[in-house]
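> Take a look at this one; I'll ask things after.
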Amino acid sequence: MIGKVISSSTEEVVFRVLDSVDVEDVHVGSLVVIESQLTYLARVTSLELRNLGDVDLADKVAAMSAGADVYDDIQSVLGDQFYYVCRSRVAGIIDGRLRGAKSIPKVLSPVRLADANDLSFLRARGTDTVEIGRVRTLDLPIDLDRKALITHHCGVFGKTGSGKSNTVKVLLSTLLDMHTPALVFDVHGEYCRRDCLGASRDVVVMGMGSGEDMTLSLPLEEIKPRDLKLVSFLNETQSEAVEAIRARKHTRWIRYLRDTDTKTIHQDFDNQLFEPTIDALKRKVRNLLSQPYVGGDFNAPKAIYDTLRKRRTVVIDFGDYEHNDYAIRLITTIVSRYLLDRYKTAHKKGTAVPETLIVLEEAHKLLSTDIARLTIFETIVREGRKFGVGLMVVDQMPRKIHEEVISQLNTVIIMLLTNVKDREHLVASSENDLTAFKDEMARLDVGETIVTGISVPLPLSGFVPAFTGITPRPRDGFDDFAFNE
């Protein structure tokens with residue numbers, strides 16, 4: 001036993017730490033068991049020092065004892081005037097499983113640290129789980145429900161150097177072992193390397209260079225006017241004009257703007273489109289077509305879809321384009337939209353497709369309030385679950401991500417976040433109640449995490465082990481990836 005309940009409510013349970021217990025052995029995030037008529041599982045949210053009598057007693061003792069050894073031992077002079085309390089939140093009632101608590105523990109109920117036996121319900125969740133790490137202070141795995149993790153979307157947030165990328169690597173390597181496909185937009189080239197996911201034969205690396213398994217190419221037919229708006233500013237007149245051209249020329253709208261002179265376009269549309277507007281659109285299309293990954297005979301989105309259907313993972317390596325927002329926005333949007341559309345079609349036809357996770361690094365570049373509505377990702381977080389497409393949002397600055405997107409992330413994996421605006425934005429936007437974790441987010445060490453949401457039965461504090469690589473498998477030839485149109 002480490003303490004006794006001295007205050008109890010549906011919001012918070014406060015217990016006094018026994019004088020015989022070293023308060024430094026109890027931490028924020030520690031799981032405790034409260035033995036009342038029912039057995040309650042609670043999570044420590046804060047610790048504090050209190051004293052009996054005069055509220056300023058500690059200040060007075062400190063002043064009196066300055067420089068005087070006789071007062072160094074406060075307890076021997078004043079008796080047991082000082083003590084410690086822990087504030088905690090009840091996670092539920094342990095009854096063979098963890099169920100919601102609709103009552104509160106009685107005053108003076110004994111409190112002890114939880115052990116592995118108390119959390120045995122964590123091990124009784126079936127085999128379709130993904131291990132992300134271990135519970136802090138307990139030798140128990142943190143297992144995430146695989147289907148909920150993927151189809152109900154998730155977020156991994158942490159400042160640079162917090163262990164965020166390592167966590168994603170651990171998750172993806174486990175999903176690989178479970179033959180769960182993922183599409184990874186690898187902005188910084190962290191996942192495509194041969195000492196990472198690229199070592200596996202079940203991973204296809206696609207990029208804009210010559211060192212990848214495939215060279216990425218976006219067919220003109222898959223580019224829509226809204227994609228042009230995403231990468232180039234279009235005023236209202238230009239937006240209306242390009243939509244009119246697309247409505248008449250369908251998938252050949254880009255070729256039409258490229259190959260047809262301004263006067264002919266002006267006449268084709270009964271002089272309704274102004275020539276300066278047409279010239280502006282032609283310039284923007286020329287810029288689009290000048291990108292080396294636009295056009296070409298190879299249909300990369302289709303190859304990606306076919307690869308994912310084979311339960312393999314695709315990593316798109318942005319290489320030298322890691323700081324090119326134009327490329328990042330265009331490629332991620334077009335590929336992801338194609339994938340969602342094909343999964344929708346498969347669903348309507350009753351064709352089986354594996355649940356697939358889209359991993360979006362540097363997510364704030366695509367999910368800010370002004371950009372998110374132009375991309376496909378806002379649609380994916382709203383509709384993807386119905387078709388087996390999930391989104392993993394990975395970012396170091398959650399404050400820059402549209403709150404409606406964060407609200408759809410039903411599993412949140414939090415690493416160290418020192419910026420108070422990041423923490424406040426997560427707390428305010430998340431569907432999960434993160435209020436009790438706001439301060440703890442700033443105290444996490446490298447590799448430590450708070451996992452909360454639909455994928456776990458209760459919020460868990462733990463640590464993620466270092467990614468040690470995957471067992472390399474032969475990668476000679478890619479006949480398996482020769483796809484027919």
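> Can you pull out the residues in segment 12-52 that are over 23 Å from Gly462 (Cα atoms) and touching a Leu at 6+ places or on another chain (Cβ under 7 Å)?
Answer for segment 12-52, where residues must be over 23 Å from Gly462 (Cα atoms) and touching a Leu at 6+ places or on another chain (Cβ under 7 Å): just Asn51.
> So, in segment 453-469, of the ones that are in a strand (DSSP E or B) and of a type outside the set (A, V, I, L, M, F, W, C), which residue ends up farthest from Lys164 (Cα to Cα)?
Filtering first and then ranking leaves Gly453.
> List every residue pair whose Cβ atoms lie under 8 Å apart, where the two residues are 6 or more positions apart in sequence or sit on different chains, the first residue falls within segment 297-315 and is within 20 Å of Arg201 (Cβ to Cβ) and touching a residue at least 40 places away in the same chain (Cβ under 8 Å), and the second residue, located anywhere, is among the charged types (D, E, K, R) and not in a helix (DSSP H, G or I).
Matching pairs, first to second residue: Arg311/Asp202; Arg312/Asp202; Thr313/Asp202; Val315/Asp186.
> Residue by residue through segment 1-19, note down the ones that are under 18 Å from Phe82 (Cα atoms) and not polar (S, T, N, Q).
Ile2, Gly3, Lys4, Val5, Ile6, Val14, Phe15, Arg16, Val17, Leu18, Asp19
> Further question on the same structure: Scan segment 294-325 for residues that are surrounded by fewer than 17 Cβ atoms within 10 Å (Cβ to Cβ) and among the aromatic types (Phe, Trp, Tyr) and jot them down.
Phe298
> Can you tell which of Arg16, Arg123, Arg87, Arg112 is modelled with pLDDT under 95 and of a type in the set (Lys, Arg)?
Arg123
> Taking segment 124-139, which residues are surrounded by fewer than 20 Cβ atoms within 10 Å (Cβ to Cβ) and more than 11 Å from Pro457 (Cβ to Cβ)?
Result: Gly126, Thr127, Asp128, Glu131, Arg134, Arg136, Thr137, Leu138, Asp139.
> Here's something else I'd like to know. Would you confirm whether or not segment 328-338 contains a residue that is outside the structural domain of Gly189 (by TED's automatic domain parsing), of a type in the set (Lys, Arg) and out of contact with any strand residue (DSSP E or B) (no Cβ under 9 Å at 6 or more places or on another chain)? It would help to see each step written out before you state the result.
Taking segment 328-338 first, the residues outside the structural domain of Gly189 (by TED's automatic domain parsing) are none.
So far as segment 328-338 goes, no, none of its residues is outside the structural domain of Gly189 (by TED's automatic domain parsing), of a type in the set (Lys, Arg) and out of contact with any strand residue (DSSP E or B) (no Cβ under 9 Å at 6 or more places or on another chain).
> Now, a different point. Hey, any hits in segment 332-352 for a residue that's without any contact (Cβ under 8 Å) to a residue 24 or more places away in the chain, farther than 21 Å from Lys302 by Cβ and surrounded by fewer than 22 Cβ atoms within 10 Å (Cβ to Cβ)?
Within segment 332-352, not a single residue is without any contact (Cβ under 8 Å) to a residue 24 or more places away in the chain, farther than 21 Å from Lys302 by Cβ and surrounded by fewer than 22 Cβ atoms within 10 Å (Cβ to Cβ).
Matching residues to (1) surrounded by fewer than 14 Cβ atoms within 10 Å (Cβ to Cβ); (2) in a helix (DSSP H, G or I):
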position: Val205; (1), (2): no, no
position: Leu230; (1), (2): no, yes
position: Lys249; (1), (2): no, yes
position: Lys263; (1), (2): yes, yes
position: Asp270; (1), (2): yes, no
position: Asp279; (1), (2): yes, yes
position: Leu288; (1), (2): no, yes
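> Is one or more of the residues making up segment 350-362 among the charged types (D, E, K, R), farther than 26 Å from Ala199 by Cβ and in contact with a helix residue (DSSP H, G or I) (Cβ under 7 Å, 6 or more places away or on another chain)?
no
> Continuing with this model, one more query. I'd like to check which helices (runs of 4 or more DSSP H) are fully inside segment 370-441 and have at least 2 residues that are touching a residue at least 12 places away in the same chain (Cβ under 8 Å) and under 19 Å from Leu339 (Cα atoms).
In segment 370-441, 377-387 are the helices (runs of 4 or more DSSP H) which contain 2 or more residues that are touching a residue at least 12 places away in the same chain (Cβ under 8 Å) and under 19 Å from Leu339 (Cα atoms).
The values are calculated or read from the model by the stated rules, or taken from the named source; none is laboratory data. What you see is a predicted model, and the numbers here were worked out from it, not measured in a lab. Glycine also receives a Cβ, built like all others from the backbone with ideal geometry; neighbour counts cover every protein chain displayed.
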